[in-house]
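*Asks:* Let me give you the structure first, and then I'll get to my questions.
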Amino acid sequence: MGWQKVEHSSESELSEQRTVLLVSYHFPPRGERSAVRSVNIARTLAAMGWKVVVLCCMPDGTTVRDDDWSATLEGEGIHIYTTPSNRTPVPLRDGLIHVPSPAMQSFRQWVLQWKRQPDVHIAWEREAYTMAKRIMSEHYVNVVLASAPPFSTYVIARRIASDYGIPFAIDVAGEWLENPALMYPTPMHRSSVVALEEALVKQAGIVFATNRLKKEDMLRRHRFLTHEEIVIAPHGFYDDDVTNRGIHDTSHCTITHYADFTNGLTPKYMLKALRLLFTKRADIRSQLIVNIVGLARQQHRKLSKKYGLNDCVRFFDTVNRRTALSVCAESNVLWLAAEHDAPASNALMGEYLGFAKPIFLTSPSGTLLNTAKESNAVFHAGYTDVKAIAQQVENIFDAWKSSQLPRANQQHLDTLSYKTIGKDISRSLGMIMRL
């Protein structure tokens, strides 16, 4: 299906305001934290005078819907166009959302990727093009920006840009070919994605990379690119989200994890560590709270109950964004679990750093740990290392008890504010946009 370009009768009808069409599968009312980077870009550009139009997909059956978050963004002048979801949420008896098991998710993805390339989310394509036709009839768009993952977003945004003769930019917010969470059924499937990535990068006027290593890697793989065509826009935080950093409850040491425990990620190692720690230090139990904010599986709740941790482990499955940020702000330490040194975790880390609190990272060593260390306020243990996790929780508690928790490096944090990052994004889009 091809679209006709929108014709404007006169130059006076063109908006004096620069307009960017942001194509992002993950965006409110989808309530997952994978939407945060796209949201921060949209809010920043809107604050800098851009008219921001967003094309996104409605929540599916495995995602919390957060209408309060999307209403807040619309109140800031962001125009959100959502396509229908492919699936309908199936609530459980207690009102929670059903999340398929990791094995079922992996199997479904592997089967679907035989036909759906570059990833299973390409099924969103038809509805996205239909909605794009409406958007173009209602707005004069100067530039299209695609933010991924999922990387099928690039394919959709490129076609929209081509059909309407609009410059196109891509935001490489995570790994693609190197992503351990993605599977390719055959070497031929992988080769086709390699070729697709090269074609997309060739067409893009600007490529945004999250760090210097990613930029250098892309320059090595795509030698036709120049340094000026790749702009570093690191993962960071939006200042308004982290302004309330006060701690109201001073009688408990509070550790909070704000991210979904889905797609194989599990809090069981922390739960096992707490059980181990409490046999050694019974005095900690009455003064420690661990918050798990985001979707968690039923088995995680059952495991907490089995270990007798319901008095100190609290689950917040379907809270909205506003409440989740408040829970983080009132915590002493922010905990992030990452099975792999994966890009999505780096995006979460960017926001964590904005709270200027110590970070407890349970992950492999790598880029994520190095990013956390730059704040000078990090505790680390291996993702599955129960003994090390227990020891670090004890260290955190003792530091809190003696008012010796480390302080984050504010000078470093200032470089991760979207007030700083957004200037480069805005300037780069302005250089390639159509007039």
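The values are calculated or read from the model by the stated rules, or taken from the named source; none is laboratory data. The shown structure was predicted, so the numbers you read here are calculated from the model rather than taken from an experiment. Here the Cβ is made from the backbone with ideal geometry for all residues, glycine too, and neighbour counts use every protein chain on show.
*Asks:* Which condition breaks for Thr367 when tested against (1) β-branched (Val, Ile, Thr); (2) modelled with pLDDT of 90 or more; (3) closer than 29 Å to Asp171 by Cβ?
*Replies:* (2)
*Asks:* Something else about it: Out of all the residues in the range 416-428, is one or more among the aromatic types (Phe, Trp, Tyr), over 15 Å from Phe237 (Cβ atoms), touching a Phe, Trp or Tyr at 6+ places or on another chain (Cβ under 7 Å) and crowded, with 18+ Cβ neighbours inside 10 Å?
*Replies:* So far as the range 416-428 goes, no, none of its residues is among the aromatic types (Phe, Trp, Tyr), over 15 Å from Phe237 (Cβ atoms), touching a Phe, Trp or Tyr at 6+ places or on another chain (Cβ under 7 Å) and crowded, with 18+ Cβ neighbours inside 10 Å.
*Asks:* Could you give me the residue pairs with C-beta distances under 8 Å whose first residue belongs to the range 347-375 and is assigned by TED's automatic domain parsing to the domain that holds Asn409, whose second residue is hydrophobic (A, V, I, L, M, F, W, C) and surrounded by fewer than 16 Cβ atoms within 10 Å (Cβ to Cβ) wherever it lies, and which are 6+ apart or on separate chains?
*Replies:* Thr367/Leu213
*Asks:* Within the range 381-412, how many residues are touching a strand residue (DSSP E or B) at 6+ places or on another chain (Cβ under 8 Å) and under 30 Å from Phe208 (Cα atoms)?
*Replies:* Residues meeting the conditions: 1.
*Asks:* Here is a follow-up. Quickly run through the range 120-148 and pick out the residues that are surrounded by fewer than 23 Cβ atoms within 10 Å (Cβ to Cβ) and not in a helix (DSSP H, G or I).
*Replies:* His139, Tyr140, Asn142
A quick yes/no check of all residues on (1) at pLDDT below 85; (2) in a helix (DSSP H, G or I); (3) touching a strand residue (DSSP E or B) at 6+ places or on another chain (Cβ under 6 Å):
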{"position": "Ser191", "(1), (2), (3)": "yes, yes, no"}
{"position": "Leu196", "(1), (2), (3)": "yes, yes, no"}
{"position": "Lys202", "(1), (2), (3)": "no, yes, no"}
{"position": "Val207", "(1), (2), (3)": "no, no, yes"}
{"position": "Leu219", "(1), (2), (3)": "no, yes, no"}
{"position": "Pro234", "(1), (2), (3)": "no, no, no"}
{"position": "Ser251", "(1), (2), (3)": "no, no, no"}
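*Asks:* Which of the residues spanning the range 373-398 are under 24 Å from Ala282 (Cα atoms), of a type in the set (Gly, Ala, Ser) and buried (at least 19 other Cβ atoms within 10 Å of the Cβ)?
*Replies:* Passing the criteria: Ala381, Ala390.
*Asks:* More than 18 Å from Thr384 (Cβ to Cβ), of a type outside the set (Phe, Trp, Tyr) and without any contact (Cβ under 8 Å) to a residue 60 or more places away in the chain: is that true of Asn332 in this structure?
*Replies:* no
*Asks:* If you scan the range 1-32, which residues turn out to be modelled with pLDDT under 50, touching a helix residue (DSSP H, G or I) at 6+ places or on another chain (Cβ under 7 Å) and either loosely packed, with under 12 Cβ neighbours inside 10 Å or closer than 30 Å to Ala296 by Cβ (or both)?
*Replies:* Matches in the range 1-32: Met1, Gly2, Lys5.
*Asks:* Quick one: in the range 273-293, of everything that is of a type in the set (Val, Ile, Thr) and in a helix (DSSP H, G or I), which residue is surrounded by the fewest Cβ atoms within 10 Å (Cβ to Cβ)?
*Replies:* The qualifying residue surrounded by the fewest Cβ atoms within 10 Å (Cβ to Cβ) is Thr279.
*Asks:* So the check is Cβ under 6 Å with 6+ separation or different chains; which pairs have a first residue in the range 47-76 that's assigned by TED's automatic domain parsing to the domain that holds Arg37 and a second one that's of a type in the set (D, E, K, R) and modelled with pLDDT of 90 or more?
*Replies:* That search, which allows pairs on different chains as well, returns Trp50/Arg18; Asp66/Arg321; Trp69/Arg321.
*Asks:* Let me ask you something else. For the range 348-373, name all the residues that are closer than 20 Å to Ile292 by Cβ, assigned to a helix (DSSP H, G or I) and more than 16 Å from the chain's Cα centre (by Cα).
*Replies:* Passing the criteria: only Ala372.
*Asks:* What number of residues within the range 294-317 satisfy the criterion of being surrounded by fewer than 17 Cβ atoms within 10 Å (Cβ to Cβ) and either free of Cβ contacts under 8 Å to residues at least 12 places away in the same chain or not aromatic (Phe, Trp, Tyr) (or both)?
*Replies:* 9
*Asks:* Being polar (S, T, N, Q) and either over 16 Å from Val54 (Cα atoms) or surrounded by fewer than 24 Cβ atoms within 10 Å (Cβ to Cβ) (or both) is the filter here, so list the residues in the range 149-176 that pass it.
*Replies:* Hits for the range 149-176 are Ser152, Ser162.
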